[in-house]
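The values are calculated or read from the model by the stated rules, or taken from the named source; none is laboratory data. Everything numeric in this text was worked out from a predicted model, so none of it was measured. Heads up, the Cβs are rebuilt from the backbone with ideal geometry, glycines too, and the neighbour counts pull from every protein chain shown. Surface areas here come from the heavy atoms of the whole protein model, side chains and all, with no ligands, DNA or RNA. Shrake-Rupley method; radii C 1.70, N 1.55, O 1.52, S 1.80 Å.
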Amino acid sequence: MCGIVGFAGRKQAAPVLMDGLKKLEYRGYDSSGVAVIDGDGNIEVVKAKGRLQSLIDKTDGDKTLHGSVGVGHTRWATHGEPNDVNSHPHLSRDGKFAVVHNGIIENYIELREFLIVRGYEFRSETDTEVIAHLLEYYYGGDMLDCMRKVLNKLVGSYALGVLYSGTPEAFYAVRKDSPLVVGLGDGENFVASDMPALLRHTRRFILLGEGEIVRVAADSVDIFNRNMEKVEHEIVTVDWDEATAEKNGYPHFMLKEIHEQPRALAAVLSRIKGDEIVLDNVKFTADEIKNIAKINIIGCGSAYHAGIIGKYFIERVCRKPVEVDLASEFRYRKPIIGKNTLTIVISQSGETADTLAALREAKRLGSRTLAVVNVLGSSIAREADDVLYTLAGPEIAVATTKGYTTQVAALYLIGLYFAGVIVSIPSEEYAGLLNSLKNLPAAVEEILAAPEKIQYLAAQYAGARDVFFIGRGMDYASALEGALKLKEISYIHAEAYPAGELKHGTISLIEKGSPVITVAVDPDLFEKTLSNAVEVATRGASVIAVAAKTNARIEQKADHTVFIPECSPLIAPVLTAVVLQLFGYYVAAAKGLDIDKPRNLAKSVTVE
Ligand code: G6P
């Protein structure tokens with residue numbers, strides 16, 4: 001949700017800022033802007049509504065901006081519609097401070113009033129503009145002291161990049177509940193909302209802590225805590241290359257990331273060592289595992305769907321009760337957290353505002369917390385008691401694919417690891433599941449090697465107005481994720497239902513030719529699901545089945561069937577997901593849509 005980049009060096013800042021913004025566009029893409037400062041302290045600001053290209057055009061391909069220190073922003077509007085005025089950076093009244101912001105200032109109305117009575121006038125409808133004016137108001141000769149005073153006034157979440165005309169050699173940045181990393185170069189330094197945005201320049205990063213302020217110049221990076229004490233952080237070196245943030249010949253990041261799943265799954269599953277599961281940063285004693293009385297799983301969007309799979313799996317193999325909640329609901333339902341409750345929070349980005357808040361609420365209520373997160377050093381990863389990284393690598397497309405399947409795989413590892421400790425399933429079943437997990441990358445490879453049928457079906461149904469997805473048990477969770485994938489990138493109305501539920505109302509929407517994607521993988525529930533498929537077919541629906549080979553009888557009733565490779569039914573949702581990801585992708589491709597940046601969405605939702 002909004003991307004920030006900052007640069008201090010000796011060369012022209014604008015091309016570096018534009019390149020960084022291009023990589024961050026997935027975070028928001030309704031408008032963008034940059035501010036640069038030259039050696040004399042002159043600040044130049046250019047902003048443009050629309051995609052980054054409008055900004056590049058407006059600056060004659062960055063040529064019109066000359067300073068070698070600057071900050072940039074790509075926006076996902078919260079306060080004020082996307083237009084040139086509401087775009088960031090925002091300037092103070094005297095033009096000496098420029099600010100870019102990711103997050104929300106919750107008390108901005110109060111701060112606006114505070115400033116208006118002191119003679120400040122507002123140009124935009126944003127919450128951010130208050131920060132620019134507050135900087136001017138509080139500046140008394142020392143920039144760090146000024147930042148501290150301003151931050152003390154702000155309630156909400158923010159990552160900020162700030163230029164001040166009095167210090168043309170440096171820019172300032174700070175983060176609280178919104179991501180920001182510092183990139184270290186040679187005679188140049190950077191900040192960005194995520195690491196991939198800077199991979200062209202560096203692989204050495206510092207992960208800023210909560211509330212920390214950084215002063216970034218070409219040859220120095222100084223970090224201060226809220227009390228203005230200097231702090232030192234270790235340098236994190238990542239081994240990703242620039243290609244991880246490029247499409248590498250694929251037409252879209254989404255397709256590239258779908259194809260990265262065998263590798264990503266192999267990485268997350270590398271915790272299987274022979275017959276054992278070794279979870280690096282998950283430190284439970286055997287007694288602690290045995291004493292877990294209840295597990296809560298929390299996430300948003302696809303992470304929530306992964307949580308539903310996790311619930312079915314963990315309940316089945318550990319025989320412990322599991323509840324799944326959407327993070328935005330969990331916080332406000334006054335959850336009952338007992339002494340031995342474990343809360344698992346799932347988040348690809350590790351920054352989703354609702355998930356972070358739910359994690360804090362669970363901790364406040366006394367729960368032990370375990371994070372399943374992809375982004376290294378993200379807020380959720382840092383704040384949870386234990387963390388299991390999903391090791392999917394950077395995910396750029398807004399619609400998650402490898403992020404999701406690796407979350408599911410991580411939950412399998414947790415469930416099976418616990419089951420091994422408490423000996424809740426027979427050893428043959430344990431071994432069988434472990435085996436299926438080990439085979440997952442190859443099974444996904446098999447689907448990716450032959451996408452033609454899915455491509456054909458996608459072309460057939462790309463004109464549909466509504467698509468229904470049905471399934472039972474874990475197949476229902478797969479249906480939810482399949483429907484989300486389809487609707488978010490193809491803009492086709494898609495709804496998922498437990499297969500037995502459709503007839504309680506929604507079946508009235510079924511008419512001749514309505515596509516009903518029927519997930520029929522679970523052998524125990526197959527007969528029931530088959531009946532439900534027949535019910536809709538009888539009413540004219542066109543049934544497209546995604547099925548296990550053991551359920552081949554569905555072919556007689558379905559209009560089309562896609563079989564997944566052989567796999568334990570408990571592990572198969574990963575394979576179903578890949579089929580449905582490809583379906584969604586090819587439908588959107590057939591419609592010629594902007595697959596990596598669907599309308600109205602952002603990848604990392606750092607507002608509630
Ligand atoms: C956004 C993304 C979804 C994602 C959800 C949760 O809505 O578009 O794809 O599932 O956030 O994100 P997280 O980073 O917490 O997994």
Q556 and K273 label points (each 7 Å along its Cα→Cβ direction) are spaced in nm at 5.1 nm
What list of ³J(HN,Hα) couplings, whole Hz, do you get for region 68-84 from phi and the Karplus terms 6.51, -1.76, 1.60, once you set θ to phi - 60° and write x for glycine and proline? 10, 9, x, 9, x, 8, 10, 10, 10, 4, 10, 9, x, 4, x, 8, 4
Using a probe of 1.4 angstrom, how much of the accessible area of region 49-175 is carbon and sulfur, in percent? 49 percent
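If you take the beta carbon distance between R263 and D219 as r and set R0 to 35 Å, what does 1/(1 + (r/R0)^6) give as a FRET efficiency, to the nearest 0.05? Each step should come with its number before you reach the end.
On the way: r = 38 Å, r/R0 = 1.08.
With a Förster radius of 35 Å, E is 0.40.
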Arrange the residues S568, S92 by how much accessible surface each exposes, largest first, with a 1.4 angstrom probe. S568, S92
Regarding region 372-416, what are the three Cα extents along the principal axes, ordered largest first, in Å? 29, 25, 13
Using a 1.4 Å probe, what is the accessible area per residue for region 329-372, in Å²? 40 Å²
Rounded to the nearest 500, what is the chain's calculated 222 nm mean residue ellipticity when only DSSP H runs of at least 4 contribute -39500 (n - 2.57) each, over all residues? -10500 deg cm²/dmol
How much of the pair distance distribution for region 1-63 lies past 17 Å, counting alpha-carbon pairs only, in percent? 35 percent
Just read off the accessible area of K549 with the full protein assembly in place, 1.4 Å probe, to the nearest 10 Å². 100 Å²
Given unit charges at Cβ for Lys, Arg (+) and Asp, Glu (-), the dipole magnitude of the chain about its Cα centre in debye, nearest 20, is 900 debye
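Put K11, K47 in order of accessible area, largest first, 1.4 Å probe: what do you get? Walk me through the numbers before you get to the answer.
Values: K11 90, K47 40 Å².
Of K11, K47, the descending order of accessible area is K11, K47.
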Under a Cβ-only charge scheme (Lys and Arg +1, Asp and Glu -1), can you give me the dipole magnitude of region 370-504 about the Cα centre, in debye to the nearest 20? 280 debye
P(r) for the chain: what percent of alpha-carbon pairs falls in each 20 Å bin, starting at zero? 20, 49, 27, 4
Extend 7 Å from the Cα of I235 along its Cα-to-C-beta direction; within region 158-178, residues with backbone N under 14 Å of that point are none
Take the Cα gyration tensor of region 465-592, multiply each eigenvalue by 5, square-root it, and list the three semi-axes largest first, rounded to whole angstrom. 20, 18, 13
What ranking of Y137, Y412, Y164 comes out by heavy-atom accessible area, probe 1.4 Å, highest first? Y137, Y164, Y412
Can you list, bin by bin at 10 Å, the percent of alpha carbon pairs in region 1-128, starting at 0? 14, 45, 31, 9, 0
Projected onto the charge dipole of region 318-415 (+1 at Lys/Arg Cβ, -1 at Asp/Glu Cβ, origin at the Cα centre), which of S379, S347, F330 gives the Cα projection farthest towards the positive end? F330
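How much accessible area per residue does region 473-608 have, in Å², with a 1.4 Å probe? Present the calculation step by step, with values, prior to reporting the outcome.
Values: 4980 Å² over 136 residues.
The answer is 37 Å² per residue.
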Eigenvalues of the Cα gyration tensor times 5, then square-rooted: what semi-axes does that give for region 252-331, in whole angstrom, largest first? 25, 21, 11
Please provide three numbers in whole Å: the alpha-carbon extents of region 138-235 along the principal axes, with the largest listed first. 37, 28, 21
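At a threshold of 8 angstrom on Cα-Cα distance, excluding pairs fewer than six apart, so keeping six or more, what relative contact order does the chain reach in percent? The partial results should precede the final answer.
Details: 1418 pairs, mean separation 71.2, N = 608.
This gives 12 percent for the chain.
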Per 10 Å bin, what is the whole-percent P(r) computed from every C-alpha pair distance within region 394-550? 9, 32, 35, 18, 5, 0
Using a 1.4 Å probe, how large is the accessible area of H305, given in Å² and rounded to the nearest 10? 20 Å²
Taking amide H positions as placed in the peptide plane 1.01 Å from N, state which residues far from I470 in sequence (5 or more) or on other chains have amide H under 5 Å from it. Y497, I517, T518, V519
Straight-line reach only, C-alpha to C-alpha below 17 angstrom: list the lysines that K339 could link to, leaving out same-chain residues fewer than 8 apart. K290, K294, K320, K363
List, in order, the whole-Hz ³J(HN,Hα) value for each residue of region 364-373 obtained from phi through the Karplus relation with A = 6.51, B = -1.76, C = 1.60 and θ = phi - 60°; use x for Gly and Pro. 4, 7, x, 7, 6, 10, 10, 9, 10, 9
Rounded to a whole number, what is D in µm²/s for region 319-443 from Stokes-Einstein with the Kirkwood radius over alpha-carbon pairs (37 °C, 0.692 mPa s)? 210 µm²/s
Just read off the accessible area of H88 with the full protein assembly in place, 1.4 Å probe, to the nearest 10 Å². 10 Å²
Integer Hz, Karplus 6.51/-1.76/1.60 couplings in order for region 548-556, x for Gly and Pro: 7, 5, 5, 9, 4, 4, 4, 4, 5
